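The values are calculated or read from the model by the stated rules, or taken from the named source; none is laboratory data. Keep in mind that this is a model prediction, so the values were computed, not measured. So basically every Cβ, Gly included, is an ideal-geometry build from the backbone, and we count neighbours across all protein chains shown.
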Number of protein chains: 2
Amino acid sequence: MSDMAFQDYYPDDYSHCYGCGRLNENGHQIKSFWDGDEGVCRIVPKIFYSGGMKDILYGGLIASLMDCHGAGTAAAAKARELNIEMEPGAMPRFVTASLKVDYLSPTPVGKEVELRARVEEIKKRKVTVSVTLSTDGSVHARGQLIMVQIKED
Amino acid sequence: MSDMAFQDYYPDDYSHCYGCGRLNENGHQIKSFWDGDEGVCRIVPKIFYSGGMKDILYGGLIASLMDCHGAGTAAAAKARELNIEMEPGAMPRFVTASLKVDYLSPTPVGKEVELRARVEEIKKRKVTVSVTLSTDGSVHARGQLIMVQIKED
């Protein structure tokens, strides 16, 4: 089971996200995994996800990847806290309350991008996550997300 | 000339953005216009830009649209301030320094989305912009951007 990503445990009705939904065939279908206490995701974005200039990665994609990977890491951290037995569909569902991205330097197109997310705080249904995005070990952007767990029926 | 969008005045080498580049045939190619002192952009996103659930718009797309529309409005405001005569290629180029999005309520898929941007401050090369995203007059998200003008050679 260890080769399954956070997103593989999302309920089916919550798996349509353009960024991370395994049932969205048009989307990025990113996959996030634990690396110790950090959530890690690696992806090589298609080259047409450029910013104004052809060789610079689209800032909107950076924000999008941070959002999805941060959401996945928040959900996985909450599942850990609740000691939920992991099986498909078992992952708690979260929505983004706020997202802040600081763009530090241009991110090159055509490179593998690494996202690393760290859970800063879990306060009941609210999880605060910080995320970095880097290529070749250089951090190009930092994000801060507040995620809120959806109340289940 | 009044039917030309902010993005139609971007230099060619700055028109490859997935969100707003007129030369990016894979992207959204959003168009922004003045409505008094507000920049306005309307778009009906393709339905596969969904969030976790099929009927909710992808939060990453919301951040992306705010980024591009905010950048366009910042550039157009700077051009106004500098009294630049508008012609293709004349628009000043900006990059995003930071982007903050507060998601207030779910945005439905399949609706026309309206973005409205207001320039809060122009301080030399730094322009602060606030943006709302709404459908049918209901605001679903608010954004705050800090844009920085690229120094030209």
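Just one residue in the set A:CYS41, A:CYS20 is crowded, with 24+ Cβ neighbours inside 10 Å and either touching a Pro at 6+ places or on another chain (Cβ under 8 Å) or in a strand (DSSP E or B) (or both); that residue is A:CYS41.
The residue of the stretch A:42-57 that is modelled with the highest pLDDT, among those that are in contact with a Gly (Cβ under 7 Å, 6 or more places away or on another chain) and within 16 Å of A:GLU112 (Cβ to Cβ), is A:LEU57.
Can you tell me which of A:LEU61, A:LEU65, A:LEU99 is in a strand (DSSP E or B) and under 14 Å from the mean Cα position of the chain (by Cα)? Before you say what the answer is, go through the steps one by one.
Numbers: A:LEU61 fails: in a strand (DSSP E or B); A:LEU65 fails: in a strand (DSSP E or B).
Exactly one residue qualifies, and that residue is A:LEU99.
Listed by first and then second residue, the pairs linking a residue in the stretch A:1-22 that is within 11 Å of chain B (Cβ to nearest Cβ) and in contact (Cβ under 8 Å) with a residue 60 or more places away in the chain to a residue that is buried (at least 21 other Cβ atoms within 10 Å of the Cβ) and among the aromatic types (Phe, Trp, Tyr), with Cβ atoms under 9 Å apart and 6 or more places separating them unless they lie on different chains, form an empty list. Evaluate the stretch B:40-48: report whether one residue or more is free of Cβ contacts under 8 Å to residues at least 24 places away in the same chain and not aliphatic (A, V, I, L, M). The answer is yes, given that some residue of the stretch B:40-48 is free of Cβ contacts under 8 Å to residues at least 24 places away in the same chain and not aliphatic (A, V, I, L, M).
Scan the stretch B:90-113 for residues that are closer than 15 Å to B:ALA5 by Cβ and more than 13 Å from every other protein chain (Cβ to nearest Cβ) and jot them down. Full working, then the answer.
Step one: of the stretch B:90-113, the residues closer than 15 Å to B:ALA5 by Cβ are B:90-91.
Listed by number, the list holds a single entry, B:ALA90.
Taking the criterion of being facing chain A (nearest Cβ under 9 Å) and either of a type outside the set (Asp, Glu) or out of contact with any Gly (no Cβ under 6 Å at 6 or more places or on another chain) (or both), the residues of the stretch B:63-76 that qualify are B:ALA63, B:SER64, B:LEU65, B:MET66, B:CYS68, B:ALA71.
Among the conditions (1) farther than 17 Å from A:GLY19 by Cβ; (2) at pLDDT 95 or above; (3) not aromatic (Phe, Trp, Tyr), the only one that A:GLU152 does not satisfy is (2). All conditions but one from (1) in a loop (DSSP other than H, G, I, E, B); (2) under 27 Å from B:PHE94 (Cα atoms); (3) more than 10 Å from every other protein chain (Cβ to nearest Cβ) apply to A:GLU85; the one that does not is (2).
Here B:SER134, B:SER105 are screened, and the one residue that is of a type outside the set (A, V, I, L, M), at pLDDT 95 or above, within 23 Å of B:PHE48 (Cα to Cα) and not in a strand (DSSP E or B) is B:SER105. Which numbered condition in (1) in contact with a Gly (Cβ under 8 Å, 6 or more places away or on another chain); (2) surrounded by 15 or more Cβ atoms within 10 Å (Cβ to Cβ); (3) among the acidic types (Asp, Glu) is the only one that A:ASP12 fails? Exception for A:ASP12: condition (2).
Residues satisfying the criterion are absent from the stretch A:86-97 (criterion: in contact with a Ser or Thr (Cβ under 6 Å, 6 or more places away or on another chain) and over 18 Å from B:ASP67 (Cβ atoms)). I'm checking my understanding of the structure. Among residues of the stretch B:44-62 that are of a type in the set (A, V, I, L, M) and surrounded by fewer than 22 Cβ atoms within 10 Å (Cβ to Cβ), which one is nearest to the other protein chains (Cβ to nearest Cβ)? Selected residue: B:MET53. When B:VAL127, B:VAL139, B:VAL101 are checked against the criterion of being surrounded by 17 or more Cβ atoms within 10 Å (Cβ to Cβ) and either within 28 Å of A:GLY19 (Cα to Cα) or touching a residue at least 60 places away in the same chain (Cβ under 8 Å) (or both), B:VAL101 stands alone in meeting it.
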